[in-house]
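The values are calculated or read from the model by the stated rules, or taken from the named source; none is laboratory data. Fair warning: this is a prediction, and the values are worked out from it, not measured in the lab. Please note: Cβ atoms are built from the backbone with ideal geometry, for glycine as well, and neighbour counts cover all protein chains shown.
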Amino acid sequence: MRRRQVYVVGNSEPRENIGVLDELIDARDEFAKTMGCRSYAEFAIRPNMAASADVVMSFLNDLSDTVRHKADEEFNTIKDFKRRVCNDKSADLEPWDEDYFIGMMKSSAHTVDPSVVASYFPLSQCIKGLNVLVESLFGATFHQVPMGDGESWHPNVIKLSLHHPDEGDLGFMYLDLYSRKGKYPGCAHFAIRGGRRLSGTNYQLPIIALVCNFSSSRGLTARLNHCDVETLFHEFGHALHSLLSRTEYQHFSGTRVALDVAETPSNLFEFYAWDYRVLRTFALDETTGDPIPEKLVKALNASRNMFPATDLQRQVFYSIMDLTLFGEHTSKPVDTISAVADLKRKHTSWNYVEGTHWHTRFSHLINYGAGYYSYLYARCFATTIWQEVCQGDPLSRSTGSAIRDKFLRHGGAKDPSVLLKDFAGDSVIKNSGGGIIPDISSLCKEVGL
């Protein structure tokens, strides 16, 4: 079968990465034990809200158990669909079937033409959308400013100042949004210079770069699919964290916070990318100027929400895998292939395919070693904040004041547990085993558990 062949080949290369990952695990383990820790996971998590790998693993196992029943139901729904399509009542559902049949089910349930969706998201309009956010929420605006000789690293880069009519310039942002040969391949926010207090009246303004890899074939007329729009808003959440923090010292500026809260602003602004009240302000038809239809936005949301437990289960599995690989091991070297296979069987509804090792290309093991769980922490926090603070009126100045004054302004200079409780209420977090875990009730509500 062609899908099986593609899946196996795509998840079995390069073999060399197996040894590279083994070396990384050994090196991090040796370093952690030199620092007096039982494992690299213990070393990496100790400074965070969770405080220990045991607290995180307990949280993840509980979340895995919570989501399992609904994920199994979704699995069986997909399997039944495959059996009907293939006219085979005994057909099994395999990992290489997942994207294919989920895509078919979404297409048959909701009329969402990607080309029609993209027609409402020319990149130039999406950039205006970022301006809508800062103007509505914070009363500020972006203005393009000239760059000095040698300041730009590519002709496509533009520099914007975030300006407030009463406060003046708040910070500067470079936009480098188009793909090109030799460029960093992902989408990311980079802090170039942190903000800090220079004197009683003088503040060093933050400088950041927002980097993406959108098609450059048509310049600013390039169209984004909605996934790209969500990614842009995600990275813009990080950018706002850096631009709007006001800390005494730059090593507390913006995103320089405890890892398990760092992704909260980015996850929060993803909600804005799905809300019709926000999208209608900038998502305009290129020809007529009409805003995106509410019916189309509802269809996008309905399609996204078809298999929420499956998506959540996958993220829990990734987090447990990351924590396990960098946790304590009784023997070396660690057989990462067997370990990941066992974890997939235990924590997901899907089979493991023998001979594959997709995890050796999972780049978050490099960048977020023993920290991938922080995405789930942040998703819980952001979902609670959205439901409790933002959802009622997401573009109001009062919502913006709460986001800025109770969260973004403080960067890493305020205890994150105090920060979250002051922002979203005491119930946003819980104490567990000497560490802190998120309350999952808002996430369960979103997923339909």
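Annotations
- Considered as a group, the residues in segment 127-168 that are under 15 Å from Val211 (Cβ atoms) and either touching a helix residue (DSSP H, G or I) at 6+ places or on another chain (Cβ under 7 Å) or of a type in the set (Gly, Ala, Ser) (or both) include one that is surrounded by the most Cβ atoms within 10 Å (Cβ to Cβ), and that residue is Leu130.
- Within segment 299-315, being among the aliphatic types (A, V, I, L, M), part of a helix (DSSP H, G or I) and either touching a Lys or Arg at 6+ places or on another chain (Cβ under 8 Å) or free of Cβ contacts under 8 Å to residues at least 40 places away in the same chain (or both) holds for one residue alone: Ala309.
- Within segment 215-224, if we keep just the residues that are hydrophobic (A, V, I, L, M, F, W, C) and modelled with pLDDT under 90, the residue that is surrounded by the fewest Cβ atoms within 10 Å (Cβ to Cβ) turns out to be Leu220.
- Positions within segment 169-208 being touching an Asp or Glu at 6+ places or on another chain (Cβ under 7 Å) and either in a loop (DSSP other than H, G, I, E, B) or crowded, with 20+ Cβ neighbours inside 10 Å (or both), in sequence order: Cys187, His189, Leu205
- Residue match in segment 278-286 (condition: in a helix (DSSP H, G or I) and either touching a helix residue (DSSP H, G or I) at 6+ places or on another chain (Cβ under 8 Å) or under 19 Å from Glu446 (Cα atoms) (or both)): yes
- Residues satisfying the stated conditions in segment 36-51, i.e. more than 13 Å from Gly434 (Cα to Cα) and either buried (at least 18 other Cβ atoms within 10 Å of the Cβ) or polar (S, T, N, Q) (or both): Cys37, Ser39, Tyr40, Ala41, Glu42, Phe43, Ala44
- The set of residues from segment 340-367 being closer than 16 Å to Val56 by Cβ, touching a residue at least 60 places away in the same chain (Cβ under 8 Å) and in contact with an Asp or Glu (Cβ under 8 Å, 6 or more places away or on another chain) comprises just one member, Leu365.
- Residues in segment 155-211 that are at pLDDT 95 or above and small (Gly, Ala, Ser) were compared, and the one that is farthest from the chain's Cα centre (by Cα) is Gly168.
- Filter result for Leu325 (over 20 Å from Cys390 (Cα atoms), crowded, with 19+ Cβ neighbours inside 10 Å, out of contact with any Cys (no Cβ under 7 Å at 6 or more places or on another chain) and of a type in the set (A, V, I, L, M)): yes
- Of the numbered criteria (1) over 20 Å from Pro394 (Cα atoms); (2) under 17 Å from the mean Cα position of the chain (by Cα); (3) in contact (Cβ under 8 Å) with a residue 24 or more places away in the chain, the one Leu325 fails is (2).
- Within segment 344-398, the set of residues being surrounded by 22 or more Cβ atoms within 10 Å (Cβ to Cβ) and either touching a Pro at 6+ places or on another chain (Cβ under 7 Å) or charged (D, E, K, R) (or both) comprises Tyr377, Arg379, Cys380, Phe381.
- Single residue of segment 1-24 satisfying the filter (in contact with a helix residue (DSSP H, G or I) (Cβ under 6 Å, 6 or more places away or on another chain) and not aliphatic (A, V, I, L, M)) that is surrounded by the most Cβ atoms within 10 Å (Cβ to Cβ): Tyr7
- Restricting Glu135, Glu151 to residues that are assigned to a loop (DSSP other than H, G, I, E, B) and either free of Cβ contacts under 8 Å to residues at least 12 places away in the same chain or on the phi > 0 side of the Ramachandran plot (or both) narrows the list to Glu151.
- Check on Glu286, without any contact (Cβ under 8 Å) to a residue 24 or more places away in the chain and either acidic (Asp, Glu) or over 15 Å from Tyr120 (Cβ atoms) (or both): no
- Tabulated pairs, segment 5-33, first in a loop (DSSP other than H, G, I, E, B), second loosely packed, with under 11 Cβ neighbours inside 10 Å and not hydrophobic (A, V, I, L, M, F, W, C), C-beta under 7 angstrom, 6+ apart or interchain: Ser12/Gly355
- Search result, residues across segment 316-349 that are closer than 15 Å to His364 by Cα and not in a helix (DSSP H, G or I): Phe326
- Filter result for Thr356 (under 30 Å from Tyr7 (Cβ atoms), polar (S, T, N, Q) and touching a helix residue (DSSP H, G or I) at 6+ places or on another chain (Cβ under 8 Å)): yes
- Number of the exception - Phe233 against (1) in contact with a Leu (Cβ under 9 Å, 6 or more places away or on another chain); (2) without any contact (Cβ under 8 Å) to a residue 40 or more places away in the chain: (2)
- Of all the listed residues (Glu135, Glu73), the sole one being modelled with pLDDT of 95 or more and over 25 Å from the mean Cα position of the chain (by Cα) is Glu73.
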